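Visitor: What follows is a single structure, and I will ask about it in a moment.
The values are calculated or read from the model by the stated rules, or taken from the named source; none is laboratory data. Small disclaimer: the values here were computed from a predicted structure and weren't measured. As a convention, Cβ positions derive from the backbone with ideal geometry for all residues, glycine included, and neighbour counts pool all protein chains shown.
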Amino acid sequence: MSNDAINIVERKLNSLHRDVLESENKREVVGSATVIRDELKEVIDFIKNRISSEVLPEINMDVEYGDFGSTGYMQYVKTNVRKVADYLDIRLELDQIQNTPENIFNINQNQKVIQNTSQIFEQMISNINQFDIDIELRQEISALANKFKEESEKEKPDPNKLKDIFNKIKNKSKDAAAMLSYWATISGAIDHLLHNIPS
């Protein structure tokens, strides 16, 4: 790999990561997330052309804002910034400075995403069960999240059923939907969810 090319990618990923966090802090999510997503797509193309076409897994960057809502969509974009950094063994600068856990999941941000999908799902359910909402609503959301996971793990998941479950969760709790969208991205379940979305 070219060190110059890696350095360019590292600077750009750090810039995108800062943009994500600043947009979240300012609650300027809708337009910012789309811009950051498009810039990340350019970084991925640069990696494939200048470094290696085989260094990255297949990353779906064609999700639209309306599929997740504001919070979940920015989480989706941020997850993919991290995924690219992880596969290139790049430690993002703000992680080194802050050394804090993921704000929703209380796990190390730079662990390889593949190895922790079950742990993250369990943490997500634990967090949902601590929401300051009616206990019956918490139980409904947890049950729907488990249905989503079960469907996504079938040999042939039904994308319509996945999207229906996701929308039910989003209507009950946007925070829970954001958590689920994060898990779906790192686990690969999002590929089934997006299977029936027109290009």
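Visitor: For Gln115, all conditions in the list (1) at pLDDT 65 or above; (2) out of contact with any Gly (no Cβ under 9 Å at 6 or more places or on another chain); (3) in a helix (DSSP H, G or I) hold save one; what is the number of the exception?
Guide: In the conditions (1) at pLDDT 65 or above; (2) out of contact with any Gly (no Cβ under 9 Å at 6 or more places or on another chain); (3) in a helix (DSSP H, G or I), Gln115 misses (1) alone.
Visitor: Moving on. Only one of these conditions is not met by Lys26: (1) at pLDDT below 65; (2) under 19 Å from Ala177 (Cα atoms); (3) charged (D, E, K, R). Which number is it?
Guide: Here Lys26 clears every test but (2).
Visitor: Then there is this: Pick out the one residue from Asp62, Asp134, Asp86 that is at pLDDT 75 or above and exposed (fewer than 15 other Cβ atoms within 10 Å of the Cβ).
Guide: Details: Asp62 fails: at pLDDT 75 or above; Asp86 fails: exposed (fewer than 15 other Cβ atoms within 10 Å of the Cβ).
One residue alone meets the criteria, Asp134.
Visitor: Within the set of pairs 6 or more residues apart or between chains, which connect a residue that is in the same structural domain as Gly188 (by TED's automatic domain parsing) inside the range 138-159 to a residue that is aromatic (Phe, Trp, Tyr) and assigned to a helix (DSSP H, G or I) with Cβ atoms less than 6 Å apart?
Guide: Listed by first residue and then by second, the contacts come to nothing, as the list is empty.
Visitor: Going by the conditions given, is Val43 assigned to a helix (DSSP H, G or I) and modelled with pLDDT under 80? Can you show your working first?
Guide: Working: assigned to a helix (DSSP H, G or I): yes; modelled with pLDDT under 80: no.
Criteria not met by Val43.
Visitor: Select, from Asn146, Asn167, the only residue that is out of contact with any Asp or Glu (no Cβ under 9 Å at 6 or more places or on another chain), under 17 Å from Asn129 (Cα atoms) and not acidic (Asp, Glu).
Guide: Within the list Asn146, Asn167, the selection yields Asn146.
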